[in-house]
1. Take the alpha carbon atoms of the stretch 180-221, find their radius of gyration, then divide it by 2.2 N^0.38 Å using N residues; give the quotient.
2. What is the list of residues in the stretch 91-118 whose amide nitrogen lies under 15 Å from a point 7 angstrom out from the Cα of residue 205, following Cα to Cβ?
3. From the Cα trace of the stretch 105-231, what convex hull volume per residue do you get, rounded to a whole Å³?
4. Report, to two decimal places, the Cα Rg of the stretch 80-167 normalised by 2.2 N^0.38 Å (N = number of residues).
5. Using the basic label-point model (7 angstrom from Cα toward the beta carbon), what is the residue 183 to residue 235 distance in nanometres?
6. Please give the contour-minus-distance gain from residue 175 to residue 81: 0.36 nm per residue of separation, less the Cα-Cα distance, rounded to one decimal in nm.
């Protein structure tokens, strides 16, 4: 794995300055705009997002820019974790409906994940350590076996309740390709996100019984998911004797 990580680094370092600018400039503009919004509105932005009705009113007030603003916020949230993901997903369902909220959440999440992977691979732990504790990253060392990486990655993102916040930073030190990661997570994230957008959409339709039932089922599945995740980690760790990737040891 160390050799693979070095190969990835070599390819990234071989990119010209112009290629990096063309690759990262649109992302920088998107994240910068969102950061400015957060700096200007501060806690008001959190209050708006946590209240679905207020959030929808704010989105509607932006007109044609509402969807772009949401994708920007979702992208920034994926990278910086400055707001919880769940209220944002519920709010998207309330504002855009089940499928519209799902699509926009997925788009922002995939963009944010791509940013994390690209910057983590380019700058290594210099970048990762600003957002993730290296000791916590070692909890994912059971994913270092390349034969098990992709199916386990799918299961973790598919299982509700499994910890995912720091996983993208760890994946940057494996040999999985960007398109593979985005494809796997795009499919695996759907159940956890769509249940949130369903809650928001049903709440907006005043179908409170359906919203409560979906929310209750989500809580139950999340609890079961945590148990399943712990069993996967334990069983995988018992059969994996490969050392922790040197790139994560900082």
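1. Cα Rg divided by the expected 2.2 N^0.38 Å: 1.35.
2. Backbone N within reach: 93-102.
3. Convex hull of Cα atoms, per residue: 107 Å³.
4. For the stretch 80-167, the normalised Cα radius of gyration is 1.23.
5. That separation, rounded to one decimal, is 2.6 nm.
6. Contour length minus Cα-Cα distance gives 31.4 nm.
Bear in mind these aren't lab numbers, they're just calculated from the coordinates by the rules spelled out. Keep in mind that this is a model prediction, so the values were computed, not measured. Glycine gets a Cβ as well: all are built from the backbone with ideal geometry, and neighbour counts include every protein chain shown.
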